[in-house]
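This report refers to the structure that appears directly beneath it.
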Amino acid sequence: MKVLSLNFLTCAVKACKSSSDSYPLHPQDAELVQDEIELNPDMLINVLPRLDWTALRTTSSELGFPALPEQAPTAEELQADEKMIRDLHHLLLETQISEGKLVCANCGHQYAVKEGIANFLLPSHLV
Amino acid sequence: MLPTPDTSHVPYERVYEPAEDSFLLLDTLSSASETQYLHETFSPDASSSSPSPKAIPFVVELGTGSGVVLAFITAHAKTLFGTNQILTAGVDMNAFACRATIKTVEKAQADSVAEAGGNEKPHGLYLGSVMGDLAAPLRNHSVDVLVFNPPYVPTSEMPSRPETFTEDLPSKTSFDDDSYLLSLSYAGGRDGMETTDRLIDALPEILSPRGCAYILLCAQNKPEQVKARIQTFGSEWRAVTVGSSGKTAGWEKLQIVRIWRDISP
Ligand SMILES: C[S@@+](CC[C@H](N)C(=O)[O-])C[C@H]1O[C@@H](n2cnc3c(N)ncnc32)[C@H](O)[C@@H]1O
């Protein structure tokens, strides 16, 4: 699963959805793999308005990537900043989580990731 | 006709094999009227009423099975949406379906690139597949296009997980495990609607304001009642049949309903 997917995922426990602690999920013991994908600056610039930047900063630092600026760049700023484009491309699109866990900070539930597939099925007592 | 994704690697003893319902979804999504709708709603350069550039759409298939539908959407993004700038992702309860889908999407993307021959990449960006129950793992109001070919066959009960079953990509499955996994793909409980009803109830939370859902129904699901129920969500809600197959004596055996909010001023 691409790192970008963490920006769309949240704890599957219904009661957690209203808590801000349930998002983003926190990767633990994550094994990362890198793909090589052709750089498409246009695509990144258009992904930008979809991103929850605060969540992305958390994810990025938890995975050990260099710190992202506090504020999301504007489309113009990103367009002019080739290094930032490369960094975001590498983090969001080329990096995949292959093994590990995703943890909800609200309920503590750990979602296992195996072969790049996170398991969000809940044990019956949590449904 | 756009090529159908290759699913020859999929273990059909435990993952749903593409069938008439799957192909009806492919045909409907690539029909002239639906590609026009998708272009108008999501393509960044479509001349439209909204002046602001459109954010890149997030397309999610629930119950991907083999991945044939998600791979088709991802690989043919340029044709269906008028842009290769779409994000796609899949959810299925069946671990083997998730694993199969990753491979099916990968193959279909490679094929679409070969076909386009060095021009701009025709395919969208697939983020991955997760195991989950419907849209539970997704953030509310994030999905722009939702696609679901549900377990729709009326059955006396819903599948129950065998005692011995471990859902995590087991290296071996027993015969019971395989029959459980296959029953997930068709068994819909009362009116074949138990799973679909749960999804429809959650749609207002799942879909973004501009979002739409394509859901497959069979005649026993009482599609007219389903559509009428969606309209009770509010005056802006629409539910329209946009594809059908197997017409006998005025009854469509299978149909695809598009559900969305009409928020145009
Ligand atoms: C009829 S098959 C469709 C497969 C594929 N999309 C196709 O069109 O060929 C239904 C799929 O939904 C999955 N499924 C059933 N219930 C589900 C649920 N509650 N959440 C997620 N997936 C589910 C099944 O495992 C199966 O893969």
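Shown is the FRET efficiency for residue B:198 and residue A:32, computed with R0 = 30 Å from the Cβ-Cβ distance and rounded to the nearest 0.05: 0.30. For the pair region A:84-110 and region B:86-154, the centres of their Cα atoms are 18 angstrom apart. Shape summary: region B:1-155 maps onto an equivalent ellipsoid whose semi-axes, from the alpha-carbon gyration tensor, are 25, 18, 14 Å in decreasing order.
Note that region B:193-199 has calculated 3J(HN,Hα) couplings of 10, 4, 6, 4, 4, 4, 5 Hz, one per residue in order, obtained from phi through the Karplus relation 6.51 cos²θ - 1.76 cosθ + 1.60 (θ = phi - 60°); glycine and proline are x. Does chain B come out rounded, prolate or oblate by the C-alpha gyration tensor, with a ≥ b ≥ c the root eigenvalues, rounded set by a/c under 1.5 and, if not, prolate when a/b is larger than b/c and oblate if not? Since a/c reaches 1.5 but b/c is at least a/b, the shape of chain B is classed as oblate. Between A:56, A:122, A:108, the Cα set farthest toward the positive side of the dipole of region A:44-127 (charges on each charged residue's Cβ, about the Cα centre) is that of A:122. When the Cα positions of B:228, B:148, B:180 are compared along the charge dipole of chain B, B:228 comes out farthest toward the positive end, with charges on each C-beta of Lys, Arg, Asp and Glu. Put a dot 7 Å past the Cα of residue B:224, heading toward its Cβ, do the same for residue B:115, and the two dots end up 3.9 nm apart.
Given the convex hull of the Cα atoms of region A:40-81, what is a quarter of its surface area in nm²? If you can, show how the numbers build up before the last one.
Values: hull surface 12.3 nm².
Mean shadow area of the hull around the Cα atoms is 3.1 nm².
Extending 7 Å from Cα along the Cβ direction at residue A:54 and again at residue B:263 yields two label points whose distance is 2.1 nm.
What does the convex hull of the alpha-carbon atoms of region A:1-116 project to on average, in nm²? Don't skip to the end; give the middle numbers.
Numbers: hull surface 28.4 nm².
Approximately 7.1 nm², given one-decimal rounding.
Counting partner chain Cβ atoms within 10 Å of every residue's Cβ in B:123-136, what's the average?
On the way: counts 0, 1, 8, 3, 12, 12, 5, 14, 8, 8, 5, 1, 1, 10.
Mean inter-chain Cβ contacts per residue within 10 Å come to 6.
Treating the angle as unsigned and between 0 and 90°, give the value, to the nearest 10°, between the Cα long axis of helix A:53-62 and the longest Cα principal axis of chain A. Here the helix axis deviates by roughly 80 degrees.
Report the charge-dipole magnitude of region A:1-116 in Debye, nearest 20, computed about the Cα centre from +1 at each Lys and Arg Cβ and -1 at each Asp and Glu Cβ.
Values: 9 positive and 18 negative charges, 129 e Å.
With Lys and Arg at +1 and Asp and Glu at -1, about 620 debye.
Computed over the protein assembly as shown, the percent of Cα pairs more than 40 Å apart is 11. Label zone (residue B:103, point 7 Å along Cα-to-C-beta; backbone nitrogen cut-off 16 Å) within region B:173-204: B:173.
Laboratory data are not the source of any read-out in this text; all were calculated from the coordinates shown. Just so we're clear, the structure is a prediction, and the values are computed from it rather than from any experiment. Quick reminder, even Gly has a Cβ in these numbers, built from the backbone with ideal geometry, and neighbours come from all protein chains shown.
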